[in-house]
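**Q** So that we are looking at the same thing, I have put the structure below in structure tokens.
The values are calculated or read from the model by the stated rules, or taken from the named source; none is laboratory data. In this text, all values refer to a predicted model and were calculated from it rather than measured experimentally. Cβ: placed from backbone, ideal geometry, glycine included. Neighbour counts: every protein chain shown.
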Amino acid sequence: MALPTYASTPQVIWYYTFRGICALIFFFLIAPILVIIPLSFNAENFFTFTPEMLSLSPEGYSTKHYEDFFNTSDWQQAMWNSLKIAPMATLLAVSFGTLAAIGLSSEHVPFRRAIMAVLISPMIVPLIISAAGMYFFYSRIGLQGTYLGVVLAHAALGIPFVIITVTATLVGFDRSLTRAAANMGANPVTTFFRVQMPLILPGVISGALFAFITSFDEVVVVLFVGSAGQKTLPWQMFIGLREQISPTILAVATMLVGISICLLTVVELLRRRSERLRGMSPG
């Protein structure tokens with residue numbers, strides 16, 4: 001919002017002070033990422049800037065860490081494990097989260113506030129506690145150390161994001177549309193896919209992207225419920241920091257930052273589209 005021309009001196013001071021504080025906070029949050037990206041092109045196996053890098057000499061920069069990522073079997077296996085786990089976890093999270101959000105959006109559902117609190121509890125409970133609970137539960141039913149166990153665990157972590165985004169989309173949903181579809185003879189399944197889904201699709205996709213990022217970046221739960229056969233990319237990065245001190249981590253982190261930026265850009269575009277569909281912003 002622009003500063004009004006009739007603003008008083010205290011308002012002008014607060015206007016620029018507030019923006020200065022926001023700029024400092026933004027810099028504090030973004031500074032670690034700005035450090036990692038150039039370090040990923042370090043020609044040496046160091047986690048610090050070399051004199052050649054500081055002098056901007058071409059000899060100080062190299063893509064060998066990226067080449068190491070694509071040529072090392074451990075990194076490639078970890079990447080494929082993440083790509084096998086995250087989409088399935090996202091699919092389950094979107095399916096169950098969307099249905100839960102639609103059901104809980106009805107005022108006739110008893111104890112819906114309590115049910116909502118339980119469903120979004122994975123976002124509130126410390127992750128280490130959730131991981132420990134999943135470990136003891138899965139070990140009793142035989143899912144600990146299995147692909148299905150990791151997928152279900154990541155789906156449970158992604159469901160709250162889907163519920164929140166879809167519920168936010170349903171706030172502006174006109175329920176007379178579903179009643180009109182029912183009066184025209186449409187069954188509930190047809191009404192959902194032909195009437196509700198096109199209107200809540202931005203919220204569903206946003207929730208799916210958040211669920212995918214959560215599964216793709218998660219390391220604590222997979223350490224508890226996974227095995228060596230389900231070693232994901234964040235797990236391999238954790239090993240690289242703890243055991244091997246591999247600078248390839250910087251290259252992987254840079255690529256993950258790029259992927260996250262792309263996904264968050266899509267989420268923002270979908271949010272704006274959802275607002276336009278609900279008439280909350282000008283077209």
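**Q** In a helix (DSSP H, G or I) and surrounded by fewer than 20 Cβ atoms within 10 Å (Cβ to Cβ), is that true of residue 224?
**A** no
**Q** Within the stretch 243-261, can one find any residue that is among the hydroxyl-bearing types (Ser, Thr, Tyr) and surrounded by fewer than 16 Cβ atoms within 10 Å (Cβ to Cβ)?
**A** Yes, the stretch 243-261 contains a residue that is among the hydroxyl-bearing types (Ser, Thr, Tyr) and surrounded by fewer than 16 Cβ atoms within 10 Å (Cβ to Cβ).
**Q** Among the residues of the stretch 65-75, how many are out of contact with any strand residue (DSSP E or B) (no Cβ under 9 Å at 6 or more places or on another chain), outside any loop (DSSP other than H, G, I, E, B) and surrounded by 14 or more Cβ atoms within 10 Å (Cβ to Cβ)?
**A** 5
**Q** May I ask you to say which residue of 55, 130, 62 is surrounded by 12 or more Cβ atoms within 10 Å (Cβ to Cβ) and either over 26 Å from residue 230 (Cβ atoms) or not assigned by TED's automatic domain parsing to the domain that holds residue 162 (or both)?
**A** Going through 55, 130, 62 in turn, the sole match is 62.
**Q** If residue 182 satisfies every condition in (1) part of a helix (DSSP H, G or I); (2) hydrophobic (A, V, I, L, M, F, W, C); (3) in contact with a Lys or Arg (Cβ under 9 Å, 6 or more places away or on another chain) but one, which is the exception?
**A** Status for residue 182: all satisfied but (3).
**Q** Another question, then. Here is a list: 162, 195, 166. Which entry is of a type in the set (Val, Ile, Thr), surrounded by 16 or more Cβ atoms within 10 Å (Cβ to Cβ), in the same structural domain as residue 132 (by TED's automatic domain parsing) and over 30 Å from residue 127 (Cβ atoms)?
**A** Going through 162, 195, 166 in turn, the sole match is 195.
**Q** Out of (1) assigned to a helix (DSSP H, G or I); (2) β-branched (Val, Ile, Thr); (3) not assigned by TED's automatic domain parsing to the domain that holds residue 158, the odd one out for residue 85 is which?
**A** Of (1) assigned to a helix (DSSP H, G or I); (2) β-branched (Val, Ile, Thr); (3) not assigned by TED's automatic domain parsing to the domain that holds residue 158, only one is false for residue 85: (3).
**Q** Would it be correct to say that residue 24 is surrounded by 11 or more Cβ atoms within 10 Å (Cβ to Cβ) and either aliphatic (A, V, I, L, M) or more than 32 Å from the chain's Cα centre (by Cα) (or both)?
**A** When the stated conditions are applied, residue 24 does not pass them.
**Q** Pairs needed: first member in the stretch 22-40, farther than 21 Å from residue 68 by Cβ; second member anywhere, at pLDDT 85 or above and of a type in the set (Ser, Thr, Tyr); C-beta distance under 6 Å; at least 6 residues apart or different chains.
**A** Partner pairs satisfying both residue conditions: none exist.
**Q** What do you reckon, is residue 102 in the same structural domain as residue 235 (by TED's automatic domain parsing) and under 25 Å from residue 240 (Cα atoms)?
**A** Against the criterion (in the same structural domain as residue 235 (by TED's automatic domain parsing) and under 25 Å from residue 240 (Cα atoms)), residue 102 does not qualify.
**Q** Out of curiosity, is residue 83 touching a residue at least 40 places away in the same chain (Cβ under 8 Å), surrounded by 10 or more Cβ atoms within 10 Å (Cβ to Cβ) and of a type in the set (A, V, I, L, M)?
**A** No, not satisfied.
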